[in-house]
Structures are given as structure tokens and as C-alpha cells.
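Take a look at the structure set out below.
Please treat every number below as a calculation from the coordinates, not as lab data. Predicted model only: the values in this text are computed from it and were never measured. Virtual Cβ from ideal backbone geometry, glycine too; neighbours counted across all protein chains shown.
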Amino acid sequence: MLKQVIILSVTAALISGCASTEKVTPVGSEELSANLAASQTVIIDAINAQCENSTEMQNLSAEVNDLKLQITDALAKQSKKMNDDAAALAQLSEPPQCPESVVSDKIVLGEVEHVFVDELKASFETRIDTGAESSSLDARNIVLFERNGVQWVRFDVMTNGADQPGNTFEHKVERFVRIKQDSDMPDDRRPVIHAHLKIGQYAAETDLNLTDRSHLEFPLLLGRKFMKDIAVVDVGQIYVHGKKPQTESTKEAK
């Protein structure tokens, strides 16, 4: 721009000098200095105006770039929000996923079940009792004896019904257990046998202590030791594994 101003000034001076046919009156040094100063002022003003215009352009360019960045950021945020909303809608459209069951490898038992005891070849209505620690079987006429130096037990079980004579069984005693009674009664020392049980399609093993349960509703009770690690109880249900007495066709519970 400065070059253009200087060239225009010089060109104008030359044209005016060349085009003038009149006699040129010599100019004094003071007038020449004044003319040069005026030209210098014009040139400086032009340069300053050009600089101001350049600064304004730079500022405008910076504002445009800043606005461009703001628009880009806003578009990115809007795009992310749209993606998040789409993902949320997709989740709402899908059925809720239940957490993996912690009892998936355990059998579920009702409060009452039919349990087949393999050693007795009989099925019993059984109370599944989470309040009892051990399991017990209704046994009558319990007699302890030794066989080859090993403690055994002989007992009767009412496998033919309450009104019919019981069947007599003999079994090796695994150990004895003491069951606490009321405060005014001594502890009950009971023989314990090992039994193989079948519930529905599942089979398991447990210890049964022998005692007279004729005053109780169920001849067989399974407690917490039996259920530990293999079963959970749904007290709101009974006969989860069927109302019919169990048979020997079963699946082993792990």
C-alpha cells in the first residue's frame, strides 16, 4: 500500500509537470519544505490507516477462528449427547438383565419335600428346617450293640405307616451327638448314621441322628448341615420336586 501511494504521488507530480505548458514559476525552499511535509503527512496517514486495517483484519480473523472453535466444540458436544441418548433408548428397549444368580449351582427345596433314604428303601415326608443345625430320623426301639469291635445300632422305622408295625434296620454308628434339651432336662445323646438321600432328580449324602419323633409331624428333618453348599430353601413353597414319593432314579447333587 505504501509503495502504491508513493508511486501515485510521484506519477501525479510528473504528469502535472509534463502536462503543464505554462511557464513554471520556481518554488521557494520554504514552500517546497511545506509541500514535502504535507506529502509526508499524507503518506504517514495512509501507512497508519493501512496498519489499522491490518490490525482489524487480524482481530477479525482471530474472532472468526475462535467462533469456529466454539462451533466445532458445540457440534462435538451435541453429537456426544445424541449418541448417549441413543444408547439410553437402546437400553430401555431391551429387557432388563437380571444379575447372575448366586444359587445357580444349588438345588432349590421347598419347606416340605419327599425324600428317599436309600439305606431304608423308603420315602418320607420331610421338613426342611433352616432353624435346625443337624438332621434327624424318626427311629423307635433304638438298641446299641457291637459287631466286630465296631459300634452298631438296631432300630425300627415306621415305613409301613403309623398304624402298622415298623421295619427293623441295622446300621453302623458313625458317631454320637448331644442335642441340648430344655433347661430342666439332660442333653439327649443320639447315635448318628450316614445316609444317602434322593430328592427329585438329585442325590446327596448326609448324617442322620436317630431319635423318637412320634410326637412330631414329620418323620424326617433335614437341617443346615445338609443344605450347606448344595441347597437353598424357598419357605413359600412345598414339594418343589413333586408330591409323589421319591424313587431311586435320581441325579447326584454337586
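Quick notes
- Neighbours of Q164, meaning other residues whose beta-carbon lies under 13 angstrom from its beta-carbon, give a summed charge of -1 when Lys and Arg score +1 and Asp and Glu score -1.
- Full-stretch length increase - K180, Q164 - with 0.36 nm per residue and alpha-carbon distance subtracted: 2.6 nm
- Positive-end ranking of F169, T211, Q151 along the dipole of segment 137-219, with charges on Cβ about the Cα centre, is headed by Q151.
- Net charge of Cβ neighbours under 15 Å - reference F218; Lys, Arg +1; Asp, Glu -1: -4
- Long-range amide H partners of S135 with built H, under 5 Å: N209, G223
- Label zone at R154, where the point sits 7 Å out along the Cα-to-Cβ direction: segment 105-126 residues whose backbone N lies under 19 Å: 120
- Label-to-label distance, nm, for residues given as D212 and A37 (7 Å Cα→Cβ offset): 14.2 nm
- Equivalent ellipsoid, segment 184-239 (semi-axes from 5 times Cα gyration tensor eigenvalues, Å): 23, 15, 12
- Here the extension length gained between L67 and N83 equals 3.3 nm, from 0.36 nm per residue of separation less the Cα-Cα distance.
- Peptides 195-205, 63-73 ordered by average Cβ neighbours within 10 Å, highest first: 195-205, 63-73
- Once the mean of 1/r is taken over each pair of separate Cα atoms and inverted, segment 108-254 shows a Kirkwood hydrodynamic radius of 15.8 Å.
- Net charge, V150 excluded, C-beta distance under 14 Å - Lys, Arg +1, Asp, Glu -1: +1
- Computed extension length for E30-K121: 18.6 nm, one decimal, from 0.36 nm per residue of separation with the Cα-Cα distance subtracted.
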